[in-house]
Amino acid sequence: MSVLDIIHYGNPVLRKVCKPVNKFDNINNIINDMFESMYEADGIGLAANQVGIDMHIFIIDISHTDETDDTHIFINSKIIAFENEKEIFQEGCLSLPGIALDILRPKKIILKYQTPDKIWHENKFEGLLGRAIQHEIDHLNGVFIVDRVTELERIKYKAELKSLEKESKDKMGKVTEKKGFLL
Ligand code: NI
């Protein structure tokens with residue numbers, strides 16, 4: 001098991017649509033790493049591409065708000081229906097440190113997904129869990145919370161977004177340098 005680096009806004013990996021999972025052989029190791037990385041970063045949800053894995057997987061643990069709730073793993077998920085009624089809720093994001101935005105989303109959704117045993121499920125979700133699911137599915141589609149607000153809202157975080165972009169660019173530059181030395 002290992003803790004993986006959380007990738008921040010500005011890295012193009014987070015703008016790509018993640019590939020569906022076909023091979024489940026190594027899935028438990030990947031999921032264990034994701035949980036470890038999420039807990040290390042004090043997150044309650046994590047999408048695979050946030051730790052550089054191009055697979056349609058996300059995990060959620062909201063047991064801090066509801067002790068009866070267990071950890072959740074969603075593979076190859078798809079929202080198949082949602083309620084017309086929407087609500088605003090403030091969301092933060094591990095890939096956007098220092099930014100929190102009021103996001104409008106449907107209150108209830110019906111999600112189709114697989115678990116690591118390959119079994120398909122179809123369930124209704126609402127509350128914080130339903131909210132977190134919609135946030136993580138956005139990640140797997142290359143969408144951030146900053147894309148879900150008006151230009152006026154986004155502009156408030158212009159400086160933060162610029163510095164995150166620069167930081168991600170610098171990190172990627174370093175990786176290329178290392179590769180150069182290995183030649
Ligand atoms: Ni996020």
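The values are calculated or read from the model by the stated rules, or taken from the named source; none is laboratory data. A quick note: this is a predicted structure, and the numbers were derived from the prediction, not measured. With ideal geometry, Cβ positions are generated from the backbone for all residues, glycine too; neighbour counts draw on all protein chains shown. What goes into the accessible areas is simple: the full protein's heavy atoms, side chains included, and nothing from ligands, DNA or RNA. Shrake-Rupley method; radii C 1.70, N 1.55, O 1.52, S 1.80 Å.
Some points to look at:
- Placing unit charges on each Cβ (+1 for Lys and Arg, -1 for Asp and Glu) gives the chain a dipole about its Cα centre, and among Asn32, Leu14, Leu101 the Cα reaching farthest toward its positive end belongs to Leu14.
- Listed residues Ala48, Ala100, Ala132, most fluctuating in the chain (Gaussian network, C-alpha, under 10 Å): Ala100
- The chain, dipole about Cα centre (Lys/Arg Cβ +1, Asp/Glu Cβ -1), debye to the nearest 20: 940 debye
- 11 Å beta-carbon shell around Phe82, net charge (K/R +1, D/E -1): +2
- Computed magnitude of the charge dipole of the stretch 55-128 (debye, nearest 20; Cβ of K, R +1, Cβ of D, E -1): 440 debye
- Accessible area (Å², per residue) of the stretch 1-72, counting only protein heavy atoms and a probe of 1.4 Å: 54 Å²
- Shape class for the chain, computed from the alpha carbon gyration tensor (a ≥ b ≥ c): oblate, with a/c not under 1.5 and a/b at or below b/c.
- Across the accessible surface of the chain, with the other protein chains kept in place and a 1.4 Å probe, carbon and sulfur atoms take up 53 percent.
- Neighbourhood charge, 13 Å Cβ-Cβ cut-off, centred on Met1 and excluding it, Lys, Arg +1 and Asp, Glu -1: -3
- In this simple spin-label model, placing a label point 7 Å from the Cα along the Cα-to-Cβ direction at both Lys86 and Asn32 gives a separation of 4.2 nm.
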